[in-house]
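Every number here is computed from the coordinates shown, using simple stated rules; none is lab data. All of these numbers come straight from a predicted model, not from anything done at the bench. Here the Cβ positions follow ideal geometry from the backbone for every residue, glycine too, while neighbour counts run over all protein chains shown.
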Amino acid sequence: MSATATTPRRPSTHTSLRRHVRRAVGRDHSPLCRPLDRAYSRLVAGLALATLAALVVAAVAALLVHRAETRTAQQTARHRHTVTAVTTGPPVSVNPRAGGVREYAPARWTYPVGPGTGSVPVPEGTLTGTAVRVGLDDAGSPVGAPRSADLILTDAVLVGLGAVTVLGFGAEGVFALRRRALERRAEEGWEAAWEQVEPRWSGRR
């Protein structure tokens, strides 16, 4: 008995997506198309739709994040005012391991609401009495610069990639579980059919 004669026919993995769709909606009238094949085609078509939906959701999520952060940056920029401050002491390292600004120095400045003092970010090694540019909010308190367009775009891309990765893995997991179930059904159905056909095929009664 050959190996091919005893191997159950599983749903085909080489059928084109177009044919899977036709089979899933019941437009494949081939006499060789089993209910199991239709179930598998519905599964493949469902995975394709889920992948498309994941891409759409990821794109929408990325767009929403980009719009929200852009709006926040624009609002911050509208209420941010740049003044010249003078440092009144040596800079202090806040976190040497952190990227970006590493040192802050006490400083004083003049603003329409009155004079102000506080710690402001300064370049490393800034001397006392150095004039530095400082951003203040409407109340005259130091405020950081708005997020740059590059950082906003990076955040949006990361959110989009994260969403499509999570949703994609979820869809693939469901597909794999359902496919295993269909393969088990194919094997069980083949074994039951073989028990009826084998005696007539082999001549054994």
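Values for this structure:
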read-out	value
Test result for Ala62, touching a residue at least 12 places away in the same chain (Cβ under 8 Å), closer than 30 Å to Val174 by Cβ and in contact with a helix residue (DSSP H, G or I) (Cβ under 8 Å, 6 or more places away or on another chain)	yes
Residue match in segment 115-131 (condition: within 40 Å of the chain's Cα centre (by Cα), surrounded by 13 or more Cβ atoms within 10 Å (Cβ to Cβ) and of a type in the set (A, V, I, L, M, F, W, C))	yes
Selection within segment 121-145 - closer than 25 Å to Thr72 by Cα and either in contact with a Gly (Cβ under 9 Å, 6 or more places away or on another chain) or of a type in the set (Gly, Ala, Ser) (or both)	Pro121, Val134, Gly135, Leu136, Ala139, Gly140, Ser141, Pro142, Val143, Gly144, Ala145
